[in-house]
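Visitor: Can you read through this structure? Questions will come right after.
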2 protein chains.
Amino acid sequence: MRKINPNNFKLATRGTSREINRQIALTLIRTHQPVSRAELSRLMETNRASVTLLINELLDEGLVREEAQSEPNKRGRKPTSLFLNSRNSLAVAVDVRKTRTFLMLTDSTGNQVGEVISFPTKLDPADFVQSLAWQVRKALGGKLDASACGGVGVVVPGMLDLKNGTVVHSPTLKWRNVELLDLMEKEFGDIEIHLENSGKACALSQIWSVRGDGSGHNDIVFVSVSDGVGVGIVVNGELVRGRHNTAGEFGHVPLSIDGPPCACGANGCWEAYISNLATLSRYFGTNVASRKPQPIEQAEFTIEELIAKARANDGKALTALQSTARYLGLGLASIINVIDPSRIYIGGEITEAWDLLEPTVRDAIKERVLSTELGEASIRVVPAIEFPRLRGAAALITAPAFAAPKVA
Amino acid sequence: MRKINPNNFKLATRGTSREINRQIALTLIRTHQPVSRAELSRLMETNRASVTLLINELLDEGLVREEAQSEPNKRGRKPTSLFLNSRNSLAVAVDVRKTRTFLMLTDSTGNQVGEVISFPTKLDPADFVQSLAWQVRKALGGKLDASACGGVGVVVPGMLDLKNGTVVHSPTLKWRNVELLDLMEKEFGDIEIHLENSGKACALSQIWSVRGDGSGHNDIVFVSVSDGVGVGIVVNGELVRGRHNTAGEFGHVPLSIDGPPCACGANGCWEAYISNLATLSRYFGTNVASRKPQPIEQAEFTIEELIAKARANDGKALTALQSTARYLGLGLASIINVIDPSRIYIGGEITEAWDLLEPTVRDAIKERVLSTELGEASIRVVPAIEFPRLRGAAALITAPAFAAPKVA
DNA sequence: GTAATTTGTCAAAGGTCTAAACAAAAAATT
DNA sequence: AATTTTTTGTTTAGACCTTTGACAAATTAC
């Protein structure tokens, strides 16, 4: 039961029904390809005539491609298989991180094209945009216009104002009120630019992923554990943005209001317990005990090395990780109690040690979750190789073609 | 951008466009009545012909009523005013609480009919349903069938399984796996029964309220502070239910994982800091100091009396309330960081002291919220006289007629 | 009394789903 | 080898809606 917003509704026109069914057909082709018209009509529980009409339109538009052959049927006329047609426009996905920026190309259906490349992130916004434009131009083979590229999706760690296209505040990049969209539009000409927060983008990457068993999950939460903790929430197949586009910040829900100080200024945020920095400082705190911090050594030491030490049976490293696992689970319990998603995705460097962490995480979840059923929530770890942020950035460009039309 | 669920979609038919526009028209009549066809066509940004056709259908169905006169226009033909027509079916709203059950009738448009009545809650489910049926029959004037009543909405404090119509667990009522829907259907014959959790119902009451300025808010959170803490979340005009229909439990997100014990078994839940019991025990804890608790005195002493004492300048009562206010604000900050709603509603006995609490609440919110803008979130207090739970229960019956059709 | 203005209705046109018949292609049966 | 059966894809006519433009009705201004 959804309420219609009397200040923001969308009337149905003659073409609305077609528009709806078109998107459903596209969605089903995407998830079931190769698929015939007849099979589609069964999936959609409608007649073949409607499907034929719809598909012919999609063929004309170049969104769908026919191929003569599929596996032959038991009897009867052979079906003609339908596929999504990746048109010649590429999507450019950009993931801006503290020290390096990553870049990936995909075709119009979201499939990766070529290798992921990366380059150092310039922290001056103007410099950054210039270097980005240079890299994108190179990746596209010299051209930098809408003929070579269907759009650029840029994922930024921080708070975005999508209406004005500005980065309101990114502690990671030390940006404040950077008019990123304006800067980019000047460099990228007629190419469409989409911005998104990195936590939200990660959630998008899973919702719009074709591979795997994720297509049935429409209520998910993606938790990204890295220098900070980013969270994206999807409810009813749609990102929870909130009034200021800042929804999702589970990272700053406290585990203990008088816990350790967090980068955000408050105390005891979840992030202050489970970020890589928190895990590392826990390791050093217990390791070097009362000795004053050793900035150089610590700066060089990464979470990956800590995990390696833990695997080599370094007791201190193990307990540091186990503490993180416990706090991770306690926070996940809150997410489960509040959102009750059908699946939780976890990303970040720490996932490489998931085999070590999982039992502790599960125990901690059960400690605070409101019913035993909720304790068995589906959790899936997303390894770094899958580049969730980049895939989310790509989805900003490729997914709208498959999204439900706004209606009512 | 909403993703279509490939396992659960709804195809558009010939009638879909009409259905959509019909619901939009109803919504607009509801929020703008009295309103003429011509004005509607302007609101909907369509032509008068479509509106005429649509309205005539609604007139035939008896959903809308014409009235000759409205305030005359400056020039031109006088418009005929349209109103929602409350048909002769009544909705019965039931709010089950620990000691008493409340009951209210509304007409089909959601307007209250008659007085709110109440009776003691029988804690045996079968007894309860029987006494409820007796009371509803009396309220309906002796009849207990679909001719006299369009449906019964029952609001229960606890976890519900809407699919099977059972109360999975209600600590307040001490119910576990009570097959409430089955029990009720036996007593209520052909009358439709709708169940809902009380926290979620409160949120519904505000979304579907016609009065006030709430109609534009489609992302809201309702926090109900009472013996426990119930929370309902609405995103994009739709309740967040989650996979097990348990979403919303902000009451059991911790303020401190090793804080005071909570009824749920965990420690340091928000509820353990701000429920009426928590406030009262804080008062007694500091008031009678090390003396052992005085069960009788405490049992008799209510939060209302504590508020009265505070207003009479009882320092201990004031500090107990101020602590609650601070913890309330700290928890609200989490809600704001996670959901970023366009408005937060707060209900419960404590709201009667809102003038005392608000400054402290606001300060606490600002302490933990991620941006100054978020600190100025819109908060509205819902007094007990407005019976939010009952209005939510009524909405279960009356609102579906105005809801957006499920599409795509 | 006439013109201007606003409201509400009607009929024709255009777009979409829907149902049934039809043509095409391939395997099974006679 | 011819016929039947089955499955796929298309065509055609009908039903339902929105959209457009014209038109009658009602009211005020001049």
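Visitor: Output the residue which, of all residues in segment A:90-142 that are among the charged types (D, E, K, R) and in contact with a helix residue (DSSP H, G or I) (Cβ under 9 Å, 6 or more places away or on another chain), is surrounded by the most Cβ atoms within 10 Å (Cβ to Cβ).
Guide: A:ASP95
Visitor: Here's something else I'd like to know. Need at least 1 residues that are within 24 Å of the chain's Cα centre (by Cα) per element, so show me which strands (runs of 3 or more DSSP E) inside segment B:56-149 make the cut, counting only ones lying wholly within it.
Guide: Ranges flagged: B:81-84, B:90-96, B:100-106, B:112-120.
Visitor: Which condition from (1) assigned by TED's automatic domain parsing to the domain that holds B:ASP340; (2) in a helix (DSSP H, G or I) is the one that B:ARG243 breaks?
Guide: Answer for B:ARG243: the failing condition is (2).
Visitor: If we scan segment B:10-23, do we find a residue that is away from chain A (no Cβ under 14 Å), out of contact with any Asp or Glu (no Cβ under 8 Å at 6 or more places or on another chain) and either within 15 Å of DNA strand D (Cβ to nearest atom) or of a type outside the set (Gly, Ala, Ser) (or both)?
Guide: no
Visitor: Which condition does B:TYR327 not pass, out of (1) in a strand (DSSP E or B); (2) over 19 Å from the mean Cα position of the chain (by Cα), if it passes all the others?
Guide: Answer for B:TYR327: the failing condition is (1).
Visitor: Just the residues that are within 14 Å of chain B (Cβ to nearest Cβ), touching a residue at least 60 places away in the same chain (Cβ under 8 Å) and surrounded by 21 or more Cβ atoms within 10 Å (Cβ to Cβ), please, taken from segment A:149-171.
Guide: Correct list: A:GLY151, A:GLY153, A:PRO157, A:MET159, A:LEU160.
Visitor: Same structure, new question: Of the residues A:SER89, A:SER41, which is in contact with a Lys or Arg (Cβ under 7 Å, 6 or more places away or on another chain) and either within 16 Å of DNA strand D (Cβ to nearest atom) or small (Gly, Ala, Ser) (or both)?
Guide: Checking each option against the conditions leaves just A:SER41.
Visitor: Looking at A:ARG176, is it within 12 Å of chain B (Cβ to nearest Cβ), outside any loop (DSSP other than H, G, I, E, B), at pLDDT 90 or above and surrounded by fewer than 24 Cβ atoms within 10 Å (Cβ to Cβ)?
Guide: Values: within 12 Å of chain B (Cβ to nearest Cβ): yes; outside any loop (DSSP other than H, G, I, E, B): yes; at pLDDT 90 or above: yes; surrounded by fewer than 24 Cβ atoms within 10 Å (Cβ to Cβ): yes.
The answer is yes for A:ARG176.
Visitor: Can you find, within segment B:204-240, the residue that is modelled with the lowest pLDDT among those that are closer than 17 Å to A:PRO341 by Cα and surrounded by fewer than 20 Cβ atoms within 10 Å (Cβ to Cβ)? So that I can check it myself, show each step before the final result.
Guide: Initial filter on segment B:204-240 (closer than 17 Å to A:PRO341 by Cα): B:231-236, B:238-240.
Subset that is surrounded by fewer than 20 Cβ atoms within 10 Å (Cβ to Cβ): B:236, B:238.
Numbers: B:ASN236: 92, B:GLU238: 95.
Only one residue tops the list, namely B:ASN236.
Visitor: For the list (1) within 16 Å of DNA strand D (Cβ to nearest atom); (2) more than 14 Å from every other protein chain (Cβ to nearest Cβ); (3) in contact (Cβ under 8 Å) with a residue 24 or more places away in the chain, I need the number of the one condition that B:SER50 fails.
Guide: Every condition holds for B:SER50 apart from (2).
Visitor: Pick from segment B:197-228 the residues that are charged (D, E, K, R) and either facing chain A (nearest Cβ under 10 Å) or without any contact (Cβ under 8 Å) to a residue 40 or more places away in the chain (or both): which of them is farthest from A:HIS244 (Cα to Cα)?
Guide: B:ARG211
Visitor: Does segment A:359-375 contain at least one residue that is away from chain B (no Cβ under 14 Å) and under 18 Å from A:ASP227 (Cα atoms)?
Guide: no
Visitor: Next question, about the same structure. Does segment A:229-268 hold any residues that are without any contact (Cβ under 8 Å) to a residue 12 or more places away in the chain and more than 8 Å from chain B (Cβ to nearest Cβ), and which are they?
Guide: A:PRO261, A:CYS262, A:GLY265 - these are the residues of segment A:229-268 that are without any contact (Cβ under 8 Å) to a residue 12 or more places away in the chain and more than 8 Å from chain B (Cβ to nearest Cβ).
Visitor: What about B:ALA394, is it part of a helix (DSSP H, G or I), over 30 Å from A:TRP270 (Cα atoms) and in contact (Cβ under 8 Å) with a residue 24 or more places away in the chain?
Guide: Taking the combined requirement at face value, the residue satisfies it.
Visitor: Among (1) near DNA strand C (Cβ under 9 Å from one of its atoms); (2) buried (at least 18 other Cβ atoms within 10 Å of the Cβ), which single condition is A:GLU57 missing?
Guide: (2)
Visitor: Looking at the structure I just gave you, is A:ILE55 more than 30 Å from B:ASP213 (Cβ to Cβ), within 7 Å of chain B (Cβ to nearest Cβ) and either out of contact with any strand residue (DSSP E or B) (no Cβ under 7 Å at 6 or more places or on another chain) or within 11 Å of DNA strand D (Cβ to nearest atom) (or both)?
Guide: So A:ILE55 does not fit the description; no.
Visitor: Something else about it: Give segment A:26-52 a look and list any residue that's in a helix (DSSP H, G or I), farther than 19 Å from A:LYS78 by Cα and within 9 Å of DNA strand C (Cβ to nearest atom), or say none.
Guide: Answer for segment A:26-52, where residues must be in a helix (DSSP H, G or I), farther than 19 Å from A:LYS78 by Cα and within 9 Å of DNA strand C (Cβ to nearest atom): just A:SER50.
Visitor: If B:GLU66 satisfies all but one of (1) acidic (Asp, Glu); (2) touching a helix residue (DSSP H, G or I) at 6+ places or on another chain (Cβ under 8 Å); (3) away from DNA strand C (no atom under 12 Å from the Cβ), what's the number of the condition it fails?
Guide: (3) is the only condition that B:GLU66 fails.
The values are calculated or read from the model by the stated rules, or taken from the named source; none is laboratory data. The model shown is predicted, which means the values in this text are computed figures rather than measured ones. Because the Cβ atoms are built from the backbone with ideal geometry, glycine has one as well, and the counts that use them run over all protein chains shown.
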